[in-house]
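> Structure below; questions to follow.
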């Protein structure tokens, strides 16, 4: 099959995909915070993560896009699913609980935050993008992780160790009662 | 093209204290697995390791370096001083924990290793010269402390405290990261020294977005030090946490957060002082007012000390406000003094603790002067010091803070602080009144343990010693400052 | 070439949705989801800026944030499970024992 695209159409398609990704991301985020059922909220979060991963790809950052898929979608979302399964929250209660006074206030605050942040971000003068060198490739990121940022990389391993240790200690029931 | 990447081989000797503590944390986990019934040596192992860490810190104080790992990790006298405070906090916590873990039948192994890892996090935070390292250190500390708060698993108050602390901590991390991302966007770097350079080069001092970004960083750290509009998690987290951890939280993480806040504001954003000065002044005032006034109505002494800790954070903010070497050395001095007096007060609470949670309510202190005169006298000293009454160290700490803020021209704020400090006398001295003016209900004597005795002696020596001879700490603190305010 | 302000606006929107969710919802798991959205907003900012400045720092920091977020998720959900075991609820307004 020979699908020929005229060169003029390429930026248009790019922008179309980009707008599509934005819509997916925002939709996912809204679903995650507004859903009446918890599983739907997690689904929304996953959709949002996927949209963001796509945007990272647009930003020439395949490494981060991969990490987003692997860790956020693959690990964080799954962990949350496990928590929902283990805690078996009462779904009917979730539907019944409407954000009373806090709701409008939070909407107001959220809107203000968007307005202020986005407003100033658009108006601010950004430094002109530099000439594209081969930035953001997986190799570059990998090299700099193990050279310049080697210490931080080691620190992450300790953070993960604490995560294992801590979540085991906290979630496991009552070894302290049996022993000692 | 295919040249081998330049691995930066940093000599690791200056990092000896951090490395030692990491090894200690791992060792505690492993030893816990194989020890079985002989677990009671774990606290002594932890204490020994921490002492060695302190020794290594003192030993390494000669060779400072302002750029390990490509300038991301600074070892200067400022970080050294705060590391010493953090390790003293850990040492106290270990000494307070031995008895407490026994009475509460808590599991030991992970407790001490999490504590040690939290110390590593604080040390990294304090030495960080780059926002990336800073964030990692902060999370390392925070994640360990979330777990420690929730370790009293059979008590739902502890669960609740952990949850609240976790949600608020993660929320504030989100705000902090957004602020950092905006700062990175404006200046193109995460290195604090470079940020300060770029601010002048790119003429960003009046940029609204940068101001918002800095505001977000400030909000995040207000959460971390429990400063006023963002303090609501603190009383619950402090009340529900195991008591030694409450003591630890009010000393270690708080001192580390102050150290980082000081470094960010004074070494990253000195040009923006006109903007953040009034903001900090407002936060400080509000914090002192909320802490001191809400503490009055508390009947649970842990909760009262939580509000007191909020109030003390407000006092310490005065030192950052001063933006002078004097101010920063006053904070350092104050944090050290606060560590001693607060740990002392918590040691008494733990001393009274038994399975029925005696010692947490104010009424448990009735007639303590009759049943246990020594404990009552010690509590009296700590309460005097927390109020800031002259022969004790608390007075010296507050005095230098107020002096620094006064010299920087914040007279109104200092006057308010003095008035609120007088208000605080009411609730601190109420404890004294309960101990000395009322008769005991049950009249049971309290059992002592060697580690608690050691902690109390250590604390009393600190409180009296720093009160009588304050000179050397201030001198040491002010020595460290040229490195910070370059 | 899509201007950087687009990304920053998207990040601002995500961040506000996160802040809204955290403040308005009382289910701790959904509050946690909202925090994840806020972190993602910060990540998006970092990667966008990193791309426009052709500087790797932003991406590196994002990588670390993602790793820490995974650790945070593990611990946070451990706490939720422990709480549920004692109190059988995941609603923030039903677990308030301590007041004052």
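The values are calculated or read from the model by the stated rules, or taken from the named source; none is laboratory data. As the structure is a computational prediction, the values presented were derived from the model and not from experiment. Here the Cβ is made from the backbone with ideal geometry for all residues, glycine too, and neighbour counts use every protein chain on show.
> Looking at the structure I just gave you, is residue B:106 crowded, with 24+ Cβ neighbours inside 10 Å, touching a residue at least 60 places away in the same chain (Cβ under 8 Å) and in contact with a helix residue (DSSP H, G or I) (Cβ under 6 Å, 6 or more places away or on another chain)? I'd like the intermediate steps shown before the answer.
Numbers: crowded, with 24+ Cβ neighbours inside 10 Å: no; touching a residue at least 60 places away in the same chain (Cβ under 8 Å): yes; in contact with a helix residue (DSSP H, G or I) (Cβ under 6 Å, 6 or more places away or on another chain): yes.
No; evaluated as a whole, the condition is false for this residue.
Quick grid of which residues meet (1) under 23 Å from residue B:128 (Cβ atoms); (2) in contact (Cβ under 8 Å) with a residue 60 or more places away in the chain:
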position	(1), (2)
B:213	yes, no
B:218	yes, yes
B:234	no, yes
B:242	no, yes
B:245	no, yes
B:253	yes, yes
B:256	yes, yes
B:270	yes, yes
B:273	yes, no
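> Quickly run through segment C:47-56 and pick out the residues that are surrounded by 23 or more Cβ atoms within 10 Å (Cβ to Cβ) and facing chain B (nearest Cβ under 7 Å).
If the condition is that a residue be surrounded by 23 or more Cβ atoms within 10 Å (Cβ to Cβ) and facing chain B (nearest Cβ under 7 Å), then C:49 is the only one that fits.
> Next up: Give the number of residues within segment B:110-141 that are farther than 22 Å from residue B:57 by Cα and either surrounded by fewer than 24 Cβ atoms within 10 Å (Cβ to Cβ) or facing chain A (nearest Cβ under 10 Å) (or both). Spell out how you get there, then give the answer.
So in segment B:110-141, the residues farther than 22 Å from residue B:57 by Cα come out as B:110-111, B:131-132, B:135, B:139.
In the following step, the residues that additionally are either surrounded by fewer than 24 Cβ atoms within 10 Å (Cβ to Cβ) or facing chain A (nearest Cβ under 10 Å) (or both) were identified as B:110-111, B:132, B:135, B:139.
Within segment B:110-141, residues that are farther than 22 Å from residue B:57 by Cα and either surrounded by fewer than 24 Cβ atoms within 10 Å (Cβ to Cβ) or facing chain A (nearest Cβ under 10 Å) (or both) number 5.
> If you don't mind, there's one more thing I want to ask. Can you confirm whether segment C:38-46 contains a residue that is surrounded by fewer than 24 Cβ atoms within 10 Å (Cβ to Cβ), touching a residue at least 12 places away in the same chain (Cβ under 8 Å) and facing another protein chain (nearest Cβ under 7 Å)?
First pass over segment C:38-46, keeping only residues surrounded by fewer than 24 Cβ atoms within 10 Å (Cβ to Cβ): none.
Among the residues of segment C:38-46, not one is surrounded by fewer than 24 Cβ atoms within 10 Å (Cβ to Cβ), touching a residue at least 12 places away in the same chain (Cβ under 8 Å) and facing another protein chain (nearest Cβ under 7 Å), which makes the answer no.
> Moving on. Among the residues of segment B:245-262, is any within 14 Å of chain A (Cβ to nearest Cβ) and surrounded by 24 or more Cβ atoms within 10 Å (Cβ to Cβ)?
Of all residues in segment B:245-262, those within 14 Å of chain A (Cβ to nearest Cβ) come to B:245.
So of that shortlist, the ones also surrounded by 24 or more Cβ atoms within 10 Å (Cβ to Cβ) come out as B:245.
Yes: one or more hits.
> In addition: Quick one: is residue B:200 free of Cβ contacts under 8 Å to residues at least 12 places away in the same chain and more than 10 Å from chain C (Cβ to nearest Cβ)? Explain how you work it out, then say what you get.
On the way: free of Cβ contacts under 8 Å to residues at least 12 places away in the same chain: no; more than 10 Å from chain C (Cβ to nearest Cβ): yes.
No.
> Right, here's the next one. Have a look at B:286, B:294 and point out the one that is more than 14 Å from every other protein chain (Cβ to nearest Cβ) and either at pLDDT 85 or above or surrounded by fewer than 24 Cβ atoms within 10 Å (Cβ to Cβ) (or both). Give the derivation first.
Values: B:294 fails: more than 14 Å from every other protein chain (Cβ to nearest Cβ).
Going through B:286, B:294 in turn, just one is more than 14 Å from every other protein chain (Cβ to nearest Cβ) and either at pLDDT 85 or above or surrounded by fewer than 24 Cβ atoms within 10 Å (Cβ to Cβ) (or both): B:286.
> Which of the residues belonging to segment C:21-35 are more than 12 Å from the chain's Cα centre (by Cα) and either under 16 Å from residue A:118 (Cα atoms) or facing chain A (nearest Cβ under 7 Å) (or both)?
First, the residues of segment C:21-35 that are more than 12 Å from the chain's Cα centre (by Cα): C:23-28.
Result: C:23, C:24, C:25, C:26, C:27.
> Does segment B:130-141 contain at least one residue that is outside any helix (DSSP H, G or I), in contact with a strand residue (DSSP E or B) (Cβ under 8 Å, 6 or more places away or on another chain) and in contact (Cβ under 8 Å) with a residue 24 or more places away in the chain?
So in segment B:130-141, the residues outside any helix (DSSP H, G or I) come out as B:130.
From what is left, the residues that are in contact with a strand residue (DSSP E or B) (Cβ under 8 Å, 6 or more places away or on another chain) are B:130.
Now narrow it down to the ones that are in contact (Cβ under 8 Å) with a residue 24 or more places away in the chain: B:130.
Looking for residues that are outside any helix (DSSP H, G or I), in contact with a strand residue (DSSP E or B) (Cβ under 8 Å, 6 or more places away or on another chain) and in contact (Cβ under 8 Å) with a residue 24 or more places away in the chain, one finds at least one in segment B:130-141, hence yes.
> From the list A:17, A:13, A:23, A:84, which residue is facing chain C (nearest Cβ under 7 Å) and at pLDDT 80 or above? Step through it out loud before you land on a result.
Details: A:17 fails: facing chain C (nearest Cβ under 7 Å); A:13 fails: facing chain C (nearest Cβ under 7 Å); A:23 fails: facing chain C (nearest Cβ under 7 Å).
From the options A:17, A:13, A:23, A:84, the qualifying one is A:84.
> So which helices (runs of 4 or more DSSP H) are wholly in segment A:102-180 and hold at least 2 residues that are outside the structural domain of residue A:56 (by TED's automatic domain parsing), farther than 24 Å from residue B:25 by Cα and modelled with pLDDT under 70?
Here the list reads A:102-123.
> If you don't mind, there's one more thing I want to ask. Could you say which residue among A:31, A:45, A:69 is free of Cβ contacts under 8 Å to residues at least 40 places away in the same chain, within 11 Å of the chain's Cα centre (by Cα), part of a helix (DSSP H, G or I) and more than 9 Å from every other protein chain (Cβ to nearest Cβ)? Quick ask: steps written out before the conclusion?
Numbers: A:31 fails: within 11 Å of the chain's Cα centre (by Cα); A:45 fails: more than 9 Å from every other protein chain (Cβ to nearest Cβ).
Matching residue, one of A:31, A:45, A:69: A:69.
> Also, I was wondering about something else. Restricting attention to segment B:12-47, and to residues there that are within 20 Å of residue B:67 (Cα to Cα) and away from every other protein chain (no Cβ under 13 Å), which single residue is modelled with the highest pLDDT?
Just the residues of segment B:12-47 that are within 20 Å of residue B:67 (Cα to Cα), to begin with: B:12-19.
After this cut, where a residue has to be away from every other protein chain (no Cβ under 13 Å) as well, the list is B:13, B:16-17.
On the way: B:13: 74, B:16: 83, B:17: 86.
For segment B:12-47, the residue satisfying everything is B:17.
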